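Structure first, commentary second.
The values are calculated or read from the model by the stated rules, or taken from the named source; none is laboratory data. As the structure is a prediction and not an experimental result, all values here were calculated from the model. Quick reminder, even Gly has a Cβ in these numbers, built from the backbone with ideal geometry, and neighbours come from all protein chains shown.
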Amino acid sequence: MKIINFFLIIPLLLLTAGLTEAQEDKTYYKDTLFEFVKFKVEIKKAVATDKVFKCSLIITNTSDQFIIISPSALFTKVSGSETEYVCVNKKQLVVAPKFSKALTIKFLGTDFRKPGVELAVKEMELTEKLEAVYEINDFDIFKETVKQNGPITWTLTKAVLDDKNNPNFEIDGTVKYSGDKFLGIFYNNITLKTKDGKVYINESKSSNMFSFVRNKYYYDKSKPFEKQILIFPIPSQKVNMDLEPKLSFNGVFNEYSLVRIEGFRIKLTEGTLIDFLGSKANKDIEEIE
């Protein structure tokens, strides 16, 4: 019995030593949750070393507007100093209405191992006025490859036909937006209509059902175009010219003006490694480079 107790004690001692050593090299911060008028902010998995501070930032959008945060608006500073350090992430954060978005943000430039760290988003943008809705209707997938309406150009790149192993019909395409505003993309409004009067709603909006689909719900102007994968609940082998299948983009491409609003500041307090290990960040965290 004494031997069993000895071998049970050894792992505990090693774990304690490991935790102590890790805490000496890093500073951990407690999770926080703040609620604002149009959104909620969560900070999880916050950790600092002598070179870097990073954490998981989770924004829950409770409004009917898109929220846009530029990485250049993200700053941090440590207790006892007024020097600010800008986020090293490159891509903007866009959160759709009634949706949550999580990402890891990172800061470099000093020894961040301090009792307190302040995270600031100096300004944000919200979609304000709906300026235009660009519709593309009756796109014949057997006769057309490109269709345009104003600043919107939609191009068919692939239609997966005669796939006996697929219970759905997949259509791939690209959208190009040449405007100077913000373009929201509403995938649940894309439909496929057939001659027999049936209407099939695009299901690729559900990333849980189709995990390989990563359609953006907005147009990223840093890219020349946005790729789109559309999936309709009709077996591909049933799709033929006799059905006269036509795509309809009705209420899909919505153009908005933007308004800037003041951001927020959050002070993080020092925690422990146990706090860090017990923190469960959103499983869909997106690493922004």
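Brief remarks follow.
- Residue list for the stretch 45-69, restricted to those being more than 14 Å from Lys101 (Cα to Cα) and surrounded by fewer than 18 Cβ atoms within 10 Å (Cβ to Cβ): Thr49, Asp50, Lys51, Val52, Asp64
- So Val37, is it under 26 Å from Ile274 (Cβ atoms) and among the β-branched types (Val, Ile, Thr): no
- Every residue from the stretch 89-142 that is in contact with a helix residue (DSSP H, G or I) (Cβ under 8 Å, 6 or more places away or on another chain) and of a type in the set (Lys, Arg): Lys90, Lys91, Lys122
- Residue in the stretch 166-174 that is in a loop (DSSP other than H, G, I, E, B) and more than 18 Å from Ile229 (Cα to Cα) present: no
- Any chance Thr76 is in a strand (DSSP E or B), among the hydroxyl-bearing types (Ser, Thr, Tyr), over 17 Å from the mean Cα position of the chain (by Cα) and at pLDDT below 95: yes
- Residue within the stretch 87-99 that is surrounded by fewer than 17 Cβ atoms within 10 Å (Cβ to Cβ), assigned by TED's automatic domain parsing to the domain that holds Phe53 and small (Gly, Ala, Ser) present: no
- Considering residues of the stretch 26-41 that are in contact (Cβ under 8 Å) with a residue 24 or more places away in the chain and not in a loop (DSSP other than H, G, I, E, B) only, the residue nearest to Arg260 (Cα to Cα): Phe39
- Residues within the stretch 160-180 that are in contact (Cβ under 8 Å) with a residue 24 or more places away in the chain and either under 18 Å from Phe249 (Cβ atoms) or among the polar types (S, T, N, Q) (or both), tallied: 13
- Within the stretch 86-149, strands (runs of 3 or more DSSP E) holding 1 or more residues that are of a type in the set (A, V, I, L, M) and without any contact (Cβ under 8 Å) to a residue 60 or more places away in the chain: 93-95, 99-108, 146-149
- Qualifying residue in the stretch 54-65 (condition: part of a strand (DSSP E or B), among the acidic types (Asp, Glu), assigned by TED's automatic domain parsing to the domain that holds Thr104 and closer than 30 Å to Ser257 by Cβ): no
- Entry remark, the stretch 89-121: residues being modelled with pLDDT of 95 or more and charged (D, E, K, R) number 1 in total.
- Residue match in the stretch 247-265 (condition: of a type in the set (Lys, Arg), within 25 Å of Ile69 (Cα to Cα) and assigned to a strand (DSSP E or B)): yes
- Of all residues making up the stretch 258-280, the number that are surrounded by fewer than 15 Cβ atoms within 10 Å (Cβ to Cβ) and among the acidic types (Asp, Glu): 1
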